[in-house]
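The values are calculated or read from the model by the stated rules, or taken from the named source; none is laboratory data. Computed from a predicted structure; not experimentally measured. Ideal geometry is used to build each Cβ from the backbone, glycine not excepted, and the neighbour counts take in all protein chains shown. When the accessible area is computed, the model is the full protein with side chains, heavy atoms only, and any ligands, DNA or RNA have been set aside. Shrake-Rupley method; radii C 1.70, N 1.55, O 1.52, S 1.80 Å.
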Amino acid sequence: MGKGSRTIGGNRVKRALRRICVYLPDWLVMQIDNLRTYGRILNLKKPKFYGEKLQWIKVYGNLERFTTLVDKYLVRDYIKCKIGEEYLTRLIAVYDEVSEIDYRYLPEKFILKLNNGSDKNIICKNKALLDIDKTNKHLKKLYKEDYYKYTKEPQYKNIKKKIVCEEYLEDKDGALIEYNLHCFSGKVKLIEVHTGRFKIYTEDYFLTDWTRVYTRGKVKNSSGEIKKPMYLEKLIELGEKLAEGFEYIRVDFNAVDERLYFSELTFTPANGTDRFRPIEKDLEISKLIDLERYNDPIVM
């Protein structure tokens, strides 16, 4: 795709496993994922670990009703209604097919992504260096994939595929901070902070008063201090507006020079395959998810 672009996510082992999962039944894929994550057989009758509860939610949470909320194009209307258009990244274009993309009319910097699933972003920082043929070839490959068949996450099953082009975001230092708000019963309880996405990538966890929580997922914690953001109160307010009515949802925002931009809504983060470490912290966070509330009506 050239020196002017890059893709996020994926490695050879992960891609190979995903290809195999397409041909396996849902229950077997979930068992494999749980074995890889926790080293134990999945218990859907009495799930106790965080990832186990996410697998339970995939089976019994009726996630198909949230298709428009995980569609990275259609969710924009929901965001406009709930918190306002000013929190949306500028939309440049939307395409139904790769062949529709005319790079002549795109700005020097942009992001191309599919509206379904994750790990499908192409980041272009310099259009003059972009290899258009390789980029289109990669997009066509992604477009052919059925994300649901890989992950067995029902919310992605019926998304009508589109290619979305949005403005490229970075702050004055060429960085981007991502906040993942873990919301339980409509309240932010845990804030996951990602820094160094394009350099030394780290993630850290905080309570809403910015007390540090000593846990981690697959990504290492940072070694330095992460200052409490000036917009923390607004970040939590926005997150809880979007989380209203849902038992468990992760609401993601990006921050650029003190300005917040909505990123995505996630009902089964990392598909239940990223446990919290140490395991005691995983169990503690898992207890915040009340599975009995999944029969309650949803406020949207």
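Observations on the model:
- Checking GLU85, GLU64, GLU108 one by one, the residue that is among the acidic types (Asp, Glu) and in contact with a Lys or Arg (Cβ under 6 Å, 6 or more places away or on another chain) is GLU108 and no other.
- Test: residue in the range 262-269 that is within 27 Å of VAL164 (Cα to Cα), part of a loop (DSSP other than H, G, I, E, B) and at pLDDT 95 or above: yes
- Selected residue [at pLDDT below 95 and either among the charged types (D, E, K, R) or in contact with a helix residue (DSSP H, G or I) (Cβ under 7 Å, 6 or more places away or on another chain) (or both)] from LEU69, LEU139: LEU139
- Within the range 231-257, residues that are farther than 14 Å from LYS82 by Cα reach partners that are among the basic types (Lys, Arg) and assigned to a helix (DSSP H, G or I) with beta carbons closer than 7 Å, at six or more positions or on different chains, in the pairs GLU247/ARG293.
- Annotation note: of LYS189, LYS227, LYS199, the sole residue that is farther than 20 Å from TYR78 by Cα and under 18 Å from the mean Cα position of the chain (by Cα) is LYS189.
- Cβ pairs under 7 Å, 6+ apart, first in the range 197-219 and in contact (Cβ under 8 Å) with a residue 60 or more places away in the chain, second open to solvent by less than 20 Å² (accessible area, probe 1.4 Å) and among the hydrophobic types (A, V, I, L, M, F, W, C): VAL213/LEU190; VAL213/PHE206; THR215/PHE276; GLY217/PHE276
Per-residue answers, yes or no, for (1) closer than 21 Å to LYS137 by Cα; (2) in contact with an Asp or Glu (Cβ under 6 Å, 6 or more places away or on another chain):
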{"site": "THR68", "(1), (2)": "no, no"}
{"site": "ASP102", "(1), (2)": "yes, no"}
{"site": "ILE111", "(1), (2)": "yes, yes"}
{"site": "GLY117", "(1), (2)": "yes, no"}
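- Residue that is surrounded by the fewest Cβ atoms within 10 Å (Cβ to Cβ) [pool: residues in the range 272-300 that are of a type in the set (D, E, K, R), in a helix (DSSP H, G or I) and modelled with pLDDT of 95 or more]: GLU280
- Unmet requirement for ARG40, which otherwise passes all of (1) of a type outside the set (Ser, Thr, Tyr); (2) assigned to a helix (DSSP H, G or I); (3) loosely packed, with under 12 Cβ neighbours inside 10 Å: (2)
- Residues that are open to solvent by 30 Å² or more (accessible area, probe 1.4 Å) and closer than 14 Å to TYR50 by Cβ within the range 251-271 comprise just one, ALA270.
- For the range 180-209, the tally of residues that are surrounded by 13 or more Cβ atoms within 10 Å (Cβ to Cβ), under 19 Å from LEU288 (Cα atoms) and not charged (D, E, K, R) stands at 13.
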